[in-house]
Ligand SMILES: NC(=O)c1ccc[n+]([C@@H]2O[C@H](COP(=O)([O-])OP(=O)(O)OC[C@H]3O[C@@H](n4cnc5c(N)ncnc54)[C@H](OP(=O)(O)O)[C@@H]3O)[C@@H](O)[C@H]2O)c1
């Protein structure tokens, strides 16, 4: 049986990717740590759309969790679409952040995303069909003081995914990096300050931007015109100018 796999599907953007894919008739594997929430969502989507939805409760900041998910996916069948969405940020001065949390952030946002892609991509290439959707961020476009590790992880995701997009040309498999700006999910609360960046877009808008850009074959997409202008400006200006603005902007 064929599946789409969505990580971080117990809430926020991942839940909306799962809802979108189920509505379009895809069987799903949904992964996150919150077993109960995943179970409820699986039941709801399976009943509403007549698809199979397999919840897999794992901590993807650990090698064991990642390996468990890959093994379960192999047992279930073939993954044709991978949405590497699970991720988190930390707000705080670099020297004050708990090093264990930093390590988890880098593992989840970068290592897990890379190794899940490495595990599932060869079968997509063999079938000459599939998609890898990696959730980066507009944070990928400039360093962010007080979210330094997070912005660096998302720069990694954008770079990795655009390189992969190029390697995959002509293979029948697509890769895309999705760069949302501030979006209304549990993200800022989980990062430690829900008052930050209060002008937010909706998860539905991000999901729409994702599939539109995937279908036109883009290597990456920034969700929302204003986010796109800001990110492209930041990329072109010297760091000395961008850094003080970047440090202030996250307070609004
Ligand atoms: N919201 C924004 O403003 C924004 C902007 C740009 C990019 N993004 C990116 O969008 C992605 C989704 O974030 P979101 O906004 O939807 O945030 P969210 O509401 O906090 O959701 C994060 C999801 O990741 C899961 N997750 C967190 N740690 C995990 C772990 N160790 N193992 C497995 N699953 C884990 C969470 O589930 P459990 O807690 O159940 O594990 C949850 O389902 C992230 O990669 C984030 O960096 C978000």
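None of the figures in this text is laboratory data; all of them are computed from the coordinates on show. Because the structure is a prediction, the values reported are computed rather than measured. With ideal geometry, Cβ positions are generated from the backbone for all residues, glycine too; neighbour counts draw on all protein chains shown.
Details
- Qualifying residue in region 168-177 (condition: within 29 Å of residue 97 (Cα to Cα), outside any helix (DSSP H, G or I) and within 14 Å of the ligand (Cβ to nearest atom)): yes
- When 117, 81 are checked against the criterion of being crowded, with 22+ Cβ neighbours inside 10 Å and either within 16 Å of the ligand (Cβ to nearest atom) or under 16 Å from the mean Cα position of the chain (by Cα) (or both), a single residue qualifies: 81.
- Where residue 180 falls short, out of the listed (1) over 18 Å from residue 5 (Cβ atoms); (2) away from the ligand (no atom under 12 Å from the Cβ): (2)
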